[in-house]
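Heads up, the thing below is written out as structure tokens.
The values are calculated or read from the model by the stated rules, or taken from the named source; none is laboratory data. A quick note: this is a predicted structure, and the numbers were derived from the prediction, not measured. All Cβ positions, glycine included, derive from the backbone under ideal geometry; neighbour counts span all protein chains shown.
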Ligand SMILES: *[C@@H]1O[C@H](CO)[C@@H](O)[C@H](O)[C@H]1NC(C)=O
């Protein structure tokens, strides 16, 4: 009797109104098994130097995961670096990778870009992108 556990992490990106020049985030929706890897992709607005990955869970407000300025990682101190990694190989592309996924990764994942010198402090996202990751249910074992 092979007991098996079906643990799925659902990753969906809810696309809000997207202007022509908005931040582009993909995939829209992703369902994967626990322990797999998920890579979220983001294209910032052209000309924006700052790119930020956030997430929002039911229990926490926005958490900054990583913050790139001119492709240089400025801050990822809040990110769990054992399982999360963010990269920005060029000015128009960034990835956030989670591996292995766990149910507690359930969250709304956000990518944002902004102008480099628009604000003194940590920039607020100019665009509010969207990525919802949730853990739907654990079947009874
Ligand atoms: C940025 O990097 C991505 C991934 O390596 C690549 O697909 C894309 O073509 C690159 N864009 C530019 C403008 O170099």
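Tabulated results
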read-out: The lone exception for residue 121 - which of (1) away from the ligand (no atom under 16 Å from the Cβ); (2) at pLDDT 90 or above it fails; value: (2)
read-out: Selection from the range 40-89 of residues that are farther than 20 Å from residue 115 by Cα, modelled with pLDDT of 90 or more and exposed (fewer than 15 other Cβ atoms within 10 Å of the Cβ); value: 82, 83
read-out: Matching strands (runs of 3 or more DSSP E) fully within the range 68-107 where at least 3 residues are within 14 Å of the ligand (Cβ to nearest atom) and touching a residue at least 24 places away in the same chain (Cβ under 8 Å); value: 93-98
